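This report refers to the structure that appears directly beneath it.
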Amino acid sequence: MGIEQELVNLAPERETLLTVGAFDGLHKGHRYLIERLNQRAQERGLLSGVVTFNPHPKSVLQPHSPLLWLSSLEDRIKSLRELGIGLVAVLSFTPEVAQLSAPEFVALLRKYLKMNGLIIGPNFALGKGREGDANLLGSLGQEMGFNMEIVPPLTINGEIVSSSLIRQALAQGDMMKVKNLMGRYFTLSARVTSTDKRGQVLGFPTANLDIKPGQALPNDGVYGTITGINDKQFASATNIGTRPTFGGSEKTVETHLLDYEDNLYGKELKVKFIYKLRDEKRFASPEELKFQIKKDVDKARIIAARELK
């Protein structure tokens, strides 16, 4: 299906005020811009809308430099709607779309999404070769008859909030910085594919999570987490790594739920990462590992108790 057919299928009922972007992770900076979008749309009697892409444009333009996602497309769509966005337009990003000039792409938004205005960040650009920067889009607005507003970036502790900055903090295991930038704890949503028998022998059974390719993860180590199953929350300890004590080589994400007895296989979990407890390491024996896991679990229980009270 071409981009025009995708746009035809969206057909908003009235004129729109749009923003365009990946909105990966929907961090505080994104939410700051979306708050302005909703405010302006309400003032002008327009429908607020977000145009986003799947897959991420970078994965098409730079296929040899894969981008790790902070949030799935489904989670982004759900969150955008929860924030009050009236129209969420997900467009397929293809090599053909990448060749559209800024005027061509803007003309499509005007024609099919009834774009009356556009709100962007100061470093935003669209169109082939990112030619459609703020200056060009301002000129196009005067020619085509739509308003454009630039929202200044949100800064925290002197740093501009961005998905890239969050990925850096995630790669360092700095979960408090991640929370500060995102406005919430980093969360993984995944199905349990198996339970680890070795963990049962050690007395700490774990659930192995089915992590999708391209999902950004905290760096290897053990984390104090809170795991949600349906509407219930449980203290948990989550390990990311290769289990070097047992000679593992494949990276896994496995979580141990405290005070949970039922079978987890096939269940959908939401694991909220609160704090990094330690780096992953190789222990001299299973007994030494078991002793350390008990300490990890005790710390995880304390950390979760502060959040669940």
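The values are calculated or read from the model by the stated rules, or taken from the named source; none is laboratory data. Because the structure is a prediction, the values reported are computed rather than measured. So basically every Cβ, Gly included, is an ideal-geometry build from the backbone, and we count neighbours across all protein chains shown.
Looking at region 90-104, is at least one residue touching a residue at least 24 places away in the same chain (Cβ under 8 Å), surrounded by 15 or more Cβ atoms within 10 Å (Cβ to Cβ), of a type outside the set (Gly, Ala, Ser) and farther than 21 Å from VAL8 by Cβ? The answer is no, given that none of the residues of region 90-104 is touching a residue at least 24 places away in the same chain (Cβ under 8 Å), surrounded by 15 or more Cβ atoms within 10 Å (Cβ to Cβ), of a type outside the set (Gly, Ala, Ser) and farther than 21 Å from VAL8 by Cβ. Checked against (1) among the small types (Gly, Ala, Ser); (2) in a helix (DSSP H, G or I); (3) closer than 21 Å to ALA216 by Cβ, GLY173 meets all criteria but (2).
With respect to (1) free of Cβ contacts under 8 Å to residues at least 24 places away in the same chain; (2) assigned to a helix (DSSP H, G or I); (3) over 27 Å from the mean Cα position of the chain (by Cα), the lone exception for GLU261 is condition (2). Per the listing ASP24, ASP75, the residue uniquely assigned to a helix (DSSP H, G or I) and either among the acidic types (Asp, Glu) or not assigned by TED's automatic domain parsing to the domain that holds ASN157 (or both) is ASP75.
Residue-level analysis places ILE226 among those that are of a type in the set (A, V, I, L, M) and closer than 22 Å to ASN180 by Cβ.
HIS27 - would you say it is in contact with a Ser or Thr (Cβ under 8 Å, 6 or more places away or on another chain) and closer than 30 Å to MET175 by Cβ? Here the answer is yes, as HIS27 does meet what is asked. Condition check for HIS30 on (1) crowded, with 18+ Cβ neighbours inside 10 Å; (2) free of Cβ contacts under 8 Å to residues at least 12 places away in the same chain; (3) in a loop (DSSP other than H, G, I, E, B): one failure, at (3).
Residues to consider are ASP298, ASP231, ASP279; find the one that is out of contact with any helix residue (DSSP H, G or I) (no Cβ under 9 Å at 6 or more places or on another chain), within 27 Å of ILE166 (Cβ to Cβ) and of a type in the set (D, E, K, R).
ASP279
ASN38 satisfies every condition listed in (1) part of a helix (DSSP H, G or I); (2) within 24 Å of PRO213 (Cβ to Cβ) except (2). Residues in region 274-302 that are touching a Leu at 6+ places or on another chain (Cβ under 8 Å) and over 14 Å from GLY241 (Cβ atoms) were compared, and the one that is surrounded by the most Cβ atoms within 10 Å (Cβ to Cβ) is ALA300. Checking region 50-60 against the condition returns a match, with at least one residue being over 18 Å from the mean Cα position of the chain (by Cα) and either surrounded by 16 or more Cβ atoms within 10 Å (Cβ to Cβ) or in the same structural domain as THR16 (by TED's automatic domain parsing) (or both).
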